[in-house]
There are 4 protein chains.
Amino acid sequence: MSSGECITRLRVRYAETDAMGIVHHSHYATWFEAGRSDLFRQKGLGYSDCEARGAFFRVTELFVRFSQPARYDEEVVICTRISEVRSRGVTFWYEVRNSENALLVTGHTRHICVNASGEVQTIPGWLRQILTGGQPGIP
Amino acid sequence: MSSGECITRLRVRYAETDAMGIVHHSHYATWFEAGRSDLFRQKGLGYSDCEARGAFFRVTELFVRFSQPARYDEEVVICTRISEVRSRGVTFWYEVRNSENALLVTGHTRHICVNASGEVQTIPGWLRQILTGGQPGIP
Amino acid sequence: MSSGECITRLRVRYAETDAMGIVHHSHYATWFEAGRSDLFRQKGLGYSDCEARGAFFRVTELFVRFSQPARYDEEVVICTRISEVRSRGVTFWYEVRNSENALLVTGHTRHICVNASGEVQTIPGWLRQILTGGQPGIP
Amino acid sequence: MSSGECITRLRVRYAETDAMGIVHHSHYATWFEAGRSDLFRQKGLGYSDCEARGAFFRVTELFVRFSQPARYDEEVVICTRISEVRSRGVTFWYEVRNSENALLVTGHTRHICVNASGEVQTIPGWLRQILTGGQPGIP
């Protein structure tokens, strides 16, 4: 695991399965989000602190490629990484594997930084530093 | 249908099913909520208007009794009724049937009126009148 | 509306919103699915009949581009179209607009045809004809 | 913690919040289920093994009383206990607290044992022993 990656382990919930007996595809977006939350926390800043300071990351793009299904009660491993930071946006990359290390899903999400009123803004300096530097802590 | 009842028709989504091939029990709370939204609208006041005027109904109790499962792509009919209005709270009663009129689920939710800061408050007079009188329109 | 398109109208549920006050991005995959279900039905074949006949469409790719957020109690309009049919797979394209016709979201999903055991199979002839021809009815 | 209790820790997901800024009430049913899954596992039997052996527990009743809301990124603790085992059904009791031990929610679920075809059946002896005795392992 490189310094910029974050690992999240989740147990598949019954509520996440569908009539095909596998995890419904809509839930991977939620798992990606759990990965992002952990990545923020690993960098020393909860995403809720981020919002409290007026920086919200609205999702502008979601992409998921499904290789193999996940099933109820399996433990899955989400690997999350920041793949690009721009002046007003950030891209996260994800990989989900099962406990036998088989690849289930890859994907990415793009986000734009908005303020509490929903207006697009430049990512504040303190936040940009955290996202790019990988240095924990808030100035 | 008595004047105080509201009928909502929904088509079961695949995402709402689980590995048992039936609608996961957690989704009925969401269907009840769709019924409440329609009931508010039928009384001439969207629940979002209600929130815009500073009256939020936080859920304090949820009860669901399951008689028969619902399945993907079925049309279900939710019947919603206000069963009690008190000074600071309101109780809704629900019945869900399938298209052949078989009873699937009954239940109720209790709610307490809070302001935008989450503090409990007496239900405002204009709202109480709408909830009890069944008269459409805002004074 | 061209003959190959299908229109689905949904009312945004409170449960679909998040702490940002807008519809959580994970729910669009579910709305797309509601659109696909309606498209199948419009072609004279419920997707559940499809499954009963041994043809399941597993999702292999999901893409969503978010232009503008949707909010609680809004009515949204999903436009669904089949954009490609191949020997073993099919691609659907979607557009979601609000009631004032503003574009909220565009996206696509790719699917592979599997049997009840989850093995990839060629799309059966009767199904291929329905998907490509737009002719209602089952031979 | 008594020998019959099971503790589950979850981090609140952003997708679980709603426009009121708190966890949407429908998600507690899913958290209860995560608690049940862990309780089965603690007793030496995954619920998926249970299903593989032909014993399914369909939910017949759900009750939740909400005391205090949970918020994004909080860690919540679910305490799950079997409160009653009858010939064909079982009742689970739940308590959810936040990391400061404040009570958020209490509730129960009732379940009936059905076979793979959905027909009600007596709880098999091997399963009854596990549920009542608290002894890990399958005979």
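If you go through segment C:125-137, how many residues are surrounded by 13 or more Cβ atoms within 10 Å (Cβ to Cβ) and at pLDDT below 80?
The total comes to 1.
Which residues, counting only those in segment C:1-28, are assigned to a helix (DSSP H, G or I) and in contact (Cβ under 8 Å) with a residue 60 or more places away in the chain? Steps first, please.
Filtering segment C:1-28 down to residues assigned to a helix (DSSP H, G or I) leaves C:14-16, C:27-28.
Answer for segment C:1-28, where residues must be assigned to a helix (DSSP H, G or I) and in contact (Cβ under 8 Å) with a residue 60 or more places away in the chain: just C:Tyr28.
Check segment C:63-72 and report whether any residue there is outside any loop (DSSP other than H, G, I, E, B), under 23 Å from C:Val120 (Cα atoms) and at the interface with another protein chain (Cβ under 10 Å from one of its Cβ atoms). Working first, answer last.
Narrowing segment C:63-72 to residues outside any loop (DSSP other than H, G, I, E, B): C:63-66.
Now drop any that are not under 23 Å from C:Val120 (Cα atoms), which leaves C:63.
Right, trim to at the interface with another protein chain (Cβ under 10 Å from one of its Cβ atoms) and you get C:63.
Taking every residue of segment C:63-72 in turn, at least one turns out to be outside any loop (DSSP other than H, G, I, E, B), under 23 Å from C:Val120 (Cα atoms) and at the interface with another protein chain (Cβ under 10 Å from one of its Cβ atoms).
Of the residues D:Ala55, D:Ala34, D:Ala15, only one is among the small types (Gly, Ala, Ser) and within 29 Å of B:Ser117 (Cα to Cα); which? Outline the logic, then answer.
Values: D:Ala55 fails: within 29 Å of B:Ser117 (Cα to Cα); D:Ala34 fails: within 29 Å of B:Ser117 (Cα to Cα).
Answer to the check: D:Ala15.
Touching a Lys or Arg at 6+ places or on another chain (Cβ under 6 Å) and at pLDDT 95 or above: is that true of C:Cys113 in this structure? Show your work before the answer.
Working: touching a Lys or Arg at 6+ places or on another chain (Cβ under 6 Å): yes; at pLDDT 95 or above: yes.
It is true that C:Cys113 is touching a Lys or Arg at 6+ places or on another chain (Cβ under 6 Å) and at pLDDT 95 or above.
Quick one: would you say C:Ala116 is outside any strand (DSSP E or B), surrounded by fewer than 20 Cβ atoms within 10 Å (Cβ to Cβ) and either in contact (Cβ under 8 Å) with a residue 40 or more places away in the chain or more than 14 Å from chain A (Cβ to nearest Cβ) (or both)?
On the way: outside any strand (DSSP E or B): yes; surrounded by fewer than 20 Cβ atoms within 10 Å (Cβ to Cβ): yes; either in contact (Cβ under 8 Å) with a residue 40 or more places away in the chain or more than 14 Å from chain A (Cβ to nearest Cβ) (or both): yes.
Criteria met by C:Ala116.
All but one of (1) over 30 Å from B:Leu103 (Cα atoms); (2) within 15 Å of the chain's Cα centre (by Cα); (3) within 14 Å of chain B (Cβ to nearest Cβ); (4) modelled with pLDDT of 95 or more hold for D:Val76; which doesn't?
Answer for D:Val76: the failing condition is (3).
Of (1) assigned to a strand (DSSP E or B); (2) under 11 Å from the mean Cα position of the chain (by Cα), C:Leu39 satisfies all except one. Which?
Tallying (1) assigned to a strand (DSSP E or B); (2) under 11 Å from the mean Cα position of the chain (by Cα), C:Leu39 fails exactly one: (1).
Quick one: would you say A:Val96 is within 25 Å of C:Val23 (Cβ to Cβ), more than 14 Å from chain B (Cβ to nearest Cβ), modelled with pLDDT of 95 or more and out of contact with any His (no Cβ under 8 Å at 6 or more places or on another chain)?
Values: within 25 Å of C:Val23 (Cβ to Cβ): yes; more than 14 Å from chain B (Cβ to nearest Cβ): yes; modelled with pLDDT of 95 or more: yes; out of contact with any His (no Cβ under 8 Å at 6 or more places or on another chain): yes.
The answer is yes for A:Val96.
In segment C:5-31, how many are over 16 Å from C:Asn98 (Cβ atoms) and under 13 Å from the mean Cα position of the chain (by Cα)?
Number satisfying all stated conditions: 4.
Which condition breaks for A:Asn101 when tested against (1) within 14 Å of chain B (Cβ to nearest Cβ); (2) assigned to a loop (DSSP other than H, G, I, E, B)?
(1)
Residues of segment A:73-95 being in contact with a Leu (Cβ under 6 Å, 6 or more places away or on another chain) and farther than 27 Å from A:Trp126 by Cβ, which ones?
A:Val76, the sole residue that qualifies.
Can B:Asp49 be described as in a loop (DSSP other than H, G, I, E, B), among the charged types (D, E, K, R) and closer than 21 Å to C:Glu75 by Cα? Explain how you work it out, then say what you get.
Values: in a loop (DSSP other than H, G, I, E, B): no; among the charged types (D, E, K, R): yes; closer than 21 Å to C:Glu75 by Cα: yes.
Answer is no for this residue.
Working carefully through the options C:Arg41, C:Arg11, C:Arg36, C:Arg53, find the one that is away from chain D (no Cβ under 12 Å), in contact with a helix residue (DSSP H, G or I) (Cβ under 9 Å, 6 or more places away or on another chain) and buried (at least 21 other Cβ atoms within 10 Å of the Cβ). Steps first, please.
On the way: C:Arg41 fails: buried (at least 21 other Cβ atoms within 10 Å of the Cβ); C:Arg11 fails: buried (at least 21 other Cβ atoms within 10 Å of the Cβ); C:Arg53 fails: buried (at least 21 other Cβ atoms within 10 Å of the Cβ).
Selected residue: C:Arg36, the only one of C:Arg41, C:Arg11, C:Arg36, C:Arg53 that is away from chain D (no Cβ under 12 Å), in contact with a helix residue (DSSP H, G or I) (Cβ under 9 Å, 6 or more places away or on another chain) and buried (at least 21 other Cβ atoms within 10 Å of the Cβ).
The values are calculated or read from the model by the stated rules, or taken from the named source; none is laboratory data. Bear in mind the structure is a predicted one, so any value in this text is a computation, not a measurement. Note: ideal-geometry Cβ built from the backbone for every residue, glycine included; neighbour counts use all protein chains shown.
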